[in-house]
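The structure appears below as structure tokens.
None of the figures in this text is laboratory data; all of them are computed from the coordinates on show. Keep in mind it's a predicted model, so treat the numbers as computed, not measured. For neighbour counting, all protein chains shown are included, and Cβ atoms are generated from backbone atoms with ideal geometry for every residue, glycine included.
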Amino acid sequence: MVVRNMISKNPDRARKINHTLKHLLSENDSEALDLVKKERAVLIGMFGKPAFADFERAVEKYDFQKALVFLKNNSRTGTSQT
């Protein structure tokens, strides 16, 4: 799968996106929405397509706390759950 290959070839990028999103979401920063749109392919690889749709919907509704919990519990980047 192309998207998973993106993560396996560049796990540092996926971890950086994960870390940045956690920060933006915890700060209720609307730039999180821009990052989600920009890094859509990587995020689909992190969550899987169906789960990404739920995450994206939460961000688009500015439900950043829900999106943050989802990010911490569902990403496949190999990052810690902190």
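Entry note, segment 2-74: relative contact order of 38 percent, from Cα contacts under 8 Å with a spacing of 6+ residues.
In this Cβ point-charge picture (+1 for Lys and Arg, -1 for Asp and Glu), segment 2-74 has a dipole of about 360 debye about its Cα centre.
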